[in-house]
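See below for the structure under consideration.
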Amino acid sequence: MQSTSRNFSENARHGIADEKLQAALSRLSHGFPLKRLEAMARLPEFEALRDDAQGIKEHTLANLDTYLEAYETRVIESGGHVHWASDAADACDIILGICRDAGAKTVTKGKSMISEEIAINEYLEENGIQPIETDLGEYIIQLRHEPPSHIIAPAIHLSKGQVAETFKKEHQHLPPGRNLDEPRALLEEARGELRRKFIAADVGITGANMVIAETGTSIIVTNEGNGDLTQTLPKTHIVIASIEKVVPTLEDATTILRVLARSATGQDMSVYTTFSTGPKQAQDLDGPENYHVVLLDNGRSKMLGGEFHDMLRCIRCSACLNHCPVYKAIGGHAYGWVYSGPMGAVLIPGLLGLAETHDLPGASTFCGKCEEVCPMRIPLPRMLRSWREKSHQASLGSQKSRFGLAAWAFLARRPALYRLCMGLGVSLLALFGRRGRFSALPLAGGWTASRDLAAPEAGTFMAQWKQGKR
Amino acid sequence: MGSREIILGNIAKSLKESALVPSEPKEIEIRLSAHSINTVPQRGTGDLEKQTALFIAEAKRVEATTECIDDVDELGGVLLRYLAGHNLAGCVKIAPNALLKNVNWAKHSTLTVAQGIAEDSDQASLSVAVAGVAETGTLVLHSGPESPTTLNFLPDNHIVLLPQSRLVGAYEEAWEMLRVGGKTMPRTVNWITGPSRSADIEQTLLLGAHGPRRLHIVILNDKKSS
């Protein structure tokens with residue numbers, strides 16, 4: 001998809017002003033994070049599993065070429081095909097080629113962020129093949145021509161009323177007066193619509209949560225069962241996976257699965273965890289006759305071993321989004337691309353370059369919650385800071401913010417002047433009151449329009465320290 | 001140069017320029033064949049009685065229903081009661097599984113069973129699990145001549161027979177069961193933890209998204225024979 005990350009500030013302002021989005025985001029705060037805590041409380045080994053999971057990924061990344069080649073060998077042995085794609089265009093051409101060989105008219109799809117990354121839907125449509133998203137959230141946003149706003153709950157930004165409107169507009173063959181007030185009615189309608197499409201599809205495309213070098217297996221994790229209908233019913237199954245998804249063994253994948261759903265939705269295990277190895281075997285009664293894997297690089301091999309290497313451990317659980325005060329204030333669309341939240345703010349500049357995306361690393365309060373909840377212990381704040389430094393060095397960013405930073409740096413290097421200015425600032429703020437928070441301040445409307453500014457309790461820290469208040 | 005060589009070349013270059021230390025080829029070979037086990041939650045350990053109780057409790061947490069039988073021939077009655085309880089016709093598509101050959105279906109005149117893959121019109125299916133994992137109340141099924149995958153996903157009601165002798169504590173034990181005799185991986189291995197669901201609309205959890213609306217697990221007490 002085309003990124004709008006360069007409009008981050010404007011996107012964020014839109015998000016903050018959107019009441020429906022704000023209602024949806026407040027639901028998020030009470031959902032996934034609480035369930036995650038409950039799941040962790042039931043599993044005393046959670047921290048040990050995180051350590052294991054991190055170790056597995058670290059080991060695999062340090063031997064990435066070896067494991068990818070081992071994986072490829074096993075896929076071929078099991079009767080599957082492996083295609084390597086350097087970038088999005090490469091991947092799209094490969095997938096279109098497979099679809100054409102299969103004589104495909106329609107293609108069903110399981111939810112896959114990689115497929116959003118390469119914008120395969122648009123490409124297939126341009127070439128006369130109809131892609132159909134089958135995950136409920138993805139189906140809704142495909143009808144609305146919107147990108148996902150959350151990596152595991154793509155339609156989280158919408159209210160049931162908005163979904164009902166979309167269904168009434170798109171499902172014209174159904175009675176216009178039907179009642180779509182409740183989520184159950186919406187789900188039933190989508191289930192009915194998609195059932196026929198699952199059965200008619202010529203090709204099924206899924207992503208992969210992991211691929212396993214030991215066995216040449218790809219894994220998908222879903223709750224709806226859409227991924228399984230997508231990959232079981234059509235004659236051809238295409239898996240699209242990025243190169244960092246490989247792990248050594250079934251046991252290693254199992255360890256990561258133990259932390260994945262718990263970190264994501266707070267489930268102990270997702271409903272359907274499916275391990276696929278090659279096409280239908282001689283004695284099998286059903287399943288696809290052709291099994292293809294597209295291994296996508298798209299910039300990842302260059303991140304390997306570098307400053308943003310740790311990002312390659314990410315298993316796309318969304319815990320960092322679900323706990324991020326910035327994500328929960330602005331929503332996922334503000335980030336302007338497939339990924340969002342802290343993982344998006346680190347990954348997007350890595351994949352698209354800083355020139356387009358330099359505002360994203362600014363989308364952090366550095367509260368550190370993202371790193372704390374990350375099952376892979378990815379140092380997201382550290383990497384956000386690195387991007388900010390790079391962006392400053394490359395003279396990117398607005399004049400205003402660069403001037404502000406330069407002024408602050410000037411002061412910070414002159415402690416006496418710094419203390420004087422801070423003292424003046426605190427005294428000035430005191431003129432407006434000393435209790436609680438400011439909801440409006442002259443000359444600071446940019447800040448207070450969408451958030452309060454904490455009022456200083458007393459003098460500056462240094463002044464209070466001198467007075468012996470410790 | 002093709003994409004494969006470019007990507008592998010870029011990886012090798014990045015690794016070489018980094019502080020990462022690759023393992024010896026021998027180490028990788030061992031890692032891939034040794035199947036070493038990482039941390040296993042304690043709740044997945046203990047005797048069969050304890051694991052059975054845990055499996056039932058965990059299955060219930062994820063909205064599956066369970067019942068226990070002592071003889072596989074009770075299955076006909078189980079199916080009839082279950083279907084009647086949900087106002088469904090007495091038709092079930094069953095897996096061509098050896099264990100089900102000992103069931104005398106004919107004694108239930110109101111029950112129609114047919115073997116094979118699931119069709120869109122099938123309301124209910126019966127499969128046999130290769131394992132049950134107590135840790136999370138997860139069923140393990142895999143594709144093969146005795147177990148078509150469509151039975152697990154297309155019908156609204158999925159009924160699964162789980163012989164108690166195949167009930168284990170942790171997922172790793174299920175992998176070991178699968179590897180016995182050096183068998184190759186089946187085309188698909190399905191871990192199933194409860195019936196299908198979605199919370200994509202306003203985070204409201206609803207059962208029956210695209211897969212089965214109900215999952216009923218019948219645990220067969222086969223300890224004496226195993």
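Nothing in this text is a laboratory measurement; each read-out follows from the coordinates by a stated rule. Owing to the predicted nature of the structure, the values given are computational and were not obtained by experimental measurement. All Cβ positions, even for glycine, are placed from backbone atoms using ideal geometry, and neighbour counts span all protein chains on display.
Side notes on the structure shown:
- Surrounding net charge for B:T39, when Lys and Arg each add one and Asp and Glu each subtract one, Cβ distance under 9 Å: -2
- A simple rule links phi to the HN-Hα coupling: the Karplus curve 6.51 cos²θ - 1.76 cosθ + 1.60 with θ = phi - 60°, which for region A:303-320 gives 6, 4, x, x, 4, 10, 3, 4, 4, 6, 7, 4, 10, 6, 7, 5, 4, 5 Hz, with x for Gly and Pro.
- Positive-end extreme of charge dipole, region B:1-129 - chosen from B:I37, B:I7, B:L75 (charges on Cβ): B:I7
- Taken over chain A, the alpha-carbon convex hull comes to 174 cubic angstrom per residue.
- Couplings for region B:156-173, taken from phi via the Karplus curve 6.51 cos²θ - 1.76 cosθ + 1.60 with θ = phi - 60°, read 5, 10, 10, 10, 10, 8, 10, x, 4, 5, 9, 8, 10, x, 10, 4, 4, 5 Hz in order; Gly and Pro are left as x.
- Rounded to whole Å, sorted largest first: equivalent-ellipsoid semi-axes of region A:301-393, Cα gyration tensor: 17, 16, 12
- Fewest neighbouring Cβ atoms within 10 Å first, the residues B:V103, B:V140 line up as B:V103, B:V140.
- Between A:Q464 and B:K223, the C-beta separation translates, for a Förster distance of 56 Å, into a calculated FRET efficiency of about 0.20.
- Summarising the strand pairing of region A:31-298, around 25 percent of its internal DSSP beta bridges are antiparallel.
- Using the Cβ-Cβ distance between A:S450 and B:L99 with R0 set to 60 Å, the FRET efficiency from 1/(1 + (r/R0)^6) comes to roughly 0.45.
- Given +1 at the Cβ of Lys and Arg, -1 at the Cβ of Asp and Glu and no other charges, the dipole of region A:31-298 around its Cα centre is 1040 debye to the nearest 20.
- Taking the inverse of the mean reciprocal distance over all distinct Cα pairs, the Kirkwood hydrodynamic radius of region A:40-88 comes to 13.5 Å.
- Dividing the C-alpha radius of gyration of region B:1-90 by 2.2 N^0.38 Å, with N its residue count, gives 2.13.
- D_trans [Stokes-Einstein, Kirkwood Rh over alpha-carbon pairs] for region A:126-191, 10 °C, 1.306 mPa s, µm² s⁻¹: 127 µm²/s
- The Cα atoms of region A:236-341 cover 53, 34, 28 Å along the three principal axes, with the biggest extent listed first.
- Column: log10 I(q)/I(0), Debye, Cα scatterers of region B:75-153, q = 0.11, 0.13, 0.21, 0.26 Å⁻¹: -0.30, -0.42, -1.02, -1.30
- Protection proxy ranking, highest mean first, for peptides A:263-275, B:201-213: A:263-275, B:201-213, where packing is the per-residue count of other beta-carbon atoms within 10 Å, averaged.
- Placing a pseudo-label 7 Å from each Cα along the Cα-to-Cβ vector at B:T65 and A:E69 gives an inter-label distance of 5.5 nm.
- Under-5 Å amide H pairs with B:C68, H placed in peptide plane, nonlocal only: B:I219
- The equivalent ellipsoid that matches the C-alpha gyration tensor of chain B spans semi-axes of 39, 22, 18 angstrom, in descending order.
- Under 17 Å from a label point set 7 Å out along the Cα-to-Cβ vector of A:T4, the amide N atoms of region A:300-336 belong to A:330-336.
- Absence of a disulfide-compatible partner, taken as no other cysteine beta carbon within less than 4.7 angstrom, is noted in chain A for A:C92, A:C99, A:C314, A:C317, A:C324, A:C367, A:C374, A:C421.
- The Kirkwood radius of region A:46-141, taken over pairs of alpha-carbon atoms, gives through the Stokes-Einstein law at 25 °C and 0.890 mPa s a diffusion coefficient of 154 µm² s⁻¹.
- Each Cα pair of region A:410-466 feeds into the Kirkwood radius, which the Stokes-Einstein equation turns, at 10 °C and 1.306 mPa s, into a diffusion coefficient of 129 µm²/s.
- Karplus-derived HN-Hα couplings along region A:357-371 (A = 6.51, B = -1.76, C = 1.60, θ = phi - 60°), whole Hz, x at Gly and Pro: 10, 5, 7, 4, x, x, 7, 8, 9, 6, 6, x, 4, 4, 5
- When Rg and the Kirkwood Rh are both derived from Cα coordinates, the Rg/Rh ratio for region A:31-298 amounts to 0.98.
- Spatial separation of Cα centroids for region A:137-186 and region B:20-36, in angstrom: 48 Å
- Beta bridges by DSSP in the protein assembly as shown, antiparallel share as percent, to the nearest 5: 35 percent
- The residues A:Y327, A:Y418, when put in order of fewest to most other Cβ atoms within 10 Å, stand as A:Y418, A:Y327.
- Normalised size of region A:103-247, defined as Cα radius of gyration per 2.2 N^0.38 Å with N residues, equals 1.07.
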